[in-house]
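Report on the structure given below.
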Amino acid sequence: MSSVYSLPLKKSAISLDLPPTLYVAGGPVQGELELDYQLLLDDDVDKIIVGLEGTISTKNRMGTQVERFKVVKNDFLRKTSTVWTRARSTAPPEGDHILRIPFSMLLPDDAPPSFGFESYMNVAYVRYAIEVTGVRTGTFAVDRTIKVPIMVVAPDPLGVALRTELKLGWQGDWGRIKAEQKIRKMPWGDYSTVRMELLVPHLDAFPLFTPVPYSIIITTTSAPTKRKGLEQPQKDIFPPVPRSASEIDFDLRRQVDLQTPYFPSNPEEHVVDIISKAHAPVPPVDVDVTDYMWIPEAGKEDRGCWMQEATFSSSLILRYTPTFLTEEIKTKVRGVYIALRSAAHARGRLQYTLYLKVDFPGMGNTLRIQFPINIGSGVDAPVVVEERAVAPVMIDVPS
């Protein structure tokens, strides 16, 4: 007698062909069902329903030291279509036992993008899926179900044009932000000056999946000193400019400022390292360090300051949930409102920020820049994902 473990696995009567795709709100979700006709009959499948689902779920801790949570689930999108019934079915052509049934379901124009956030105090998700259900007859029959998650973003026609401009090489205006600080190596003596500038394309929103160029310019000016001769200094003068990308910290973060009925929360998420001391940056960073330049004091050629400049140039590619605005979750980068009102009576803000930091020798000699950015999807139609691509077109959302 054969045991249950030695029995061969039963072949499914229903297969779903849904290529990995980044879908767009207001656009179609298209796929195809492959139905084994004889197996459907043998399995007592009475009809097959395709459903498009969208869910916003939140989980908020009731306090910092408690294990009680307020959990709310809002099924804001439910569409179904019956694509096959036994009563109205016809057998496939002779010699072929497979029925192929294409389907198409339209996403709402205002569908929020796929989104995921987790912290100690709060969890919030926007999730979508296609669900195929084979409804079986019989008192104790269990329906056959296939469920596949999908990713959705908002359409961004302007971002489509910007992607083309960025890929051809940005020729437009640049946004820039500066930071400057007086520092000294010891608690005594004259101050030196360090200045840092971050340049990125001047855009209302950065499109996804596109190299966005940036430059980091760091300028150091020594304390007043006396010059000996006309030669360049033989060694680094304080403060030295960074000469390697590994001396810079440059990352993308997002702040999710949630105000729930139970407890306020303002967590910060580290999204990705753009330049890090821990590993080589991808793509590589071009570094250009100038020679020292002598800046004499007025009327004194032999007294003045040494100035030097280092420029770090590369690009960054964004793969994260764009800005969005709905009744349940409001996001607006530069003030991304996450107002989980219907879902959890919560309000808040999500903001993406570029963080740049350089440490110089000496206590407290750190120069920082924070640059809020806006993110757009950069697509206006569904994009099929090439799974073998080095950089697939898909947003990075926690599972």
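The values are calculated or read from the model by the stated rules, or taken from the named source; none is laboratory data. Just so you know, these numbers come straight off a predicted model, no measurement behind them. Quick reminder, even Gly has a Cβ in these numbers, built from the backbone with ideal geometry, and neighbours come from all protein chains shown. These accessible areas exclude ligands, DNA and RNA; they are computed on the full protein's heavy atoms, side chains included. Shrake-Rupley method; radii C 1.70, N 1.55, O 1.52, S 1.80 Å.
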Item to check | Using distinct alpha-carbon pairs, which all enter the 1/r mean, Kirkwood radius of region 108-161 in Å | outcome: 14.7
Checklist entry - Pairing the Cα long axis of helix 157-168 with the longest principal axis of the chain, what angle in degrees results, from 0 to 90 and rounded to the nearest 10? => result 50
Checklist entry - If you keep only loop residues by DSSP, which GluC sites (Glu not before Pro) in region 191-247 have at most 14 other Cβ atoms within 10 Å of their Cβ? => result Glu231
Checklist entry - By the gyration tensor of its Cα atoms, with a ≥ b ≥ c the square roots of the eigenvalues, what is the shape of region 116-211: rounded for a/c under 1.5, prolate for a/b over b/c, or oblate? => result oblate
Item to check | From phi via Karplus (6.51, -1.76, 1.60), per-residue ³J(HN,Hα) for region 79-94 in Hz, x at Gly/Pro | outcome: 10, 9, 8, 7, 9, 7, 10, 4, 5, 10, 7, 10, 5, x, x, 4
Item to check | Relative packing of 136-146, 156-166, which averages over residues the other C-beta atoms within 10 Å, highest first | outcome: 156-166, 136-146
Item to check | Rough spin-label spacing in nm, given labels placed 7 Å along Cα→Cβ, for Arg319 and Ser244 | outcome: 2.7
Checklist entry - Per residue, how much accessible area does the chain show when a 1.4 Å probe rolls over the protein heavy atoms, in square angstrom? => result 54
Checklist entry - For the charge dipole of the chain, defined by +1 on Lys and Arg C-beta atoms and -1 on Asp and Glu C-beta atoms about the Cα centroid, which residue among Gly376, Ile217, Pro19 has the Cα displaced farthest towards the positive pole? => result Ile217
Checklist outcome for this item: Of the residues Cys305, Thr90, Val272, the Cα lying farthest along the dipole of the chain towards its positive end, which is defined by charges on the beta carbon of Lys, Arg, Asp and Glu, belongs to Cys305
Next on the checklist: Once you place label points 7 Å from the Cα toward the Cβ at Thr137 and Glu67, how far apart are they in nm?
Outcome noted: 4.9
Checklist entry - Which value does Rg/Rh take for the chain over its C-alpha atoms, Rh per Kirkwood? => result 1.14
Checklist entry - For region 38-73, which trypsin sites (Lys or Arg not before Pro) are in a loop by DSSP, counting at most 12 other Cβ atoms within 10 Å? => result Arg68
Item to check | Global geometry of region 155-203, whether rounded, prolate or oblate, following the gyration tensor of its Cα atoms and the 1.5 cut on a/c | outcome: prolate
Checklist outcome for this item: Per the Kirkwood formula over distinct C-alpha pairs, the hydrodynamic radius of region 196-258 in angstrom is 16.1
Checklist entry - In sequence order, what are the phi-derived ³J(HN,Hα) couplings for region 297-302 according to the Karplus relation 6.51 cos²θ - 1.76 cosθ + 1.60 with θ = phi - 60°, rounded to whole Hz, with x for glycine and proline? => result 6, 4, x, 9, 5, 9
Next on the checklist: Within the chain, what whole-number % of the accessible surface is contributed by carbon and sulfur, with the 1.4 Å probe and all protein chains included in the calculation?
Outcome noted: 52
Checklist entry - Across all directions of projection, what mean area in square nanometres is found for the Cα convex hull of region 17-90? => result 8.7
Checklist entry - For region 56-142, which GluC sites (Glu not before Pro) are both in a DSSP coil and crowded by at most 12 other Cβ atoms within 10 Å? => result Glu67, Glu94
Checklist entry - Calculated from DSSP H runs of 4 or more alone, at -39500 (n - 2.57) each and per residue, what is the 222 nm mean residue ellipticity of the chain, nearest 500? => result -1500 deg cm²/dmol
Item to check | For Asp380, distant residues with modelled amide H under 5 Å away | outcome: Asp156
Checklist entry - Dipole size in debye (nearest 20) for the chain around its Cα centre, Lys and Arg Cβ +1, Asp and Glu Cβ -1? => result 1320
Checklist outcome for this item: Quick calc: nm separation of the 7 Å Cα→Cβ label points for Asp110 and Ser81 -> 2.4
Checklist entry - Any idea what the relative contact order of the chain is, in percent, if you count C-alpha pairs under 8 Å spaced at least 6 apart? => result 18
Checklist outcome for this item: In order over region 41-51: 3J(HN,Hα) from phi, Karplus 6.51/-1.76/1.60, θ = phi - 60°, whole Hz, x for each Gly or Pro, gives 5, 5, 8, 6, 7, 8, 7, 10, 10, 9, x
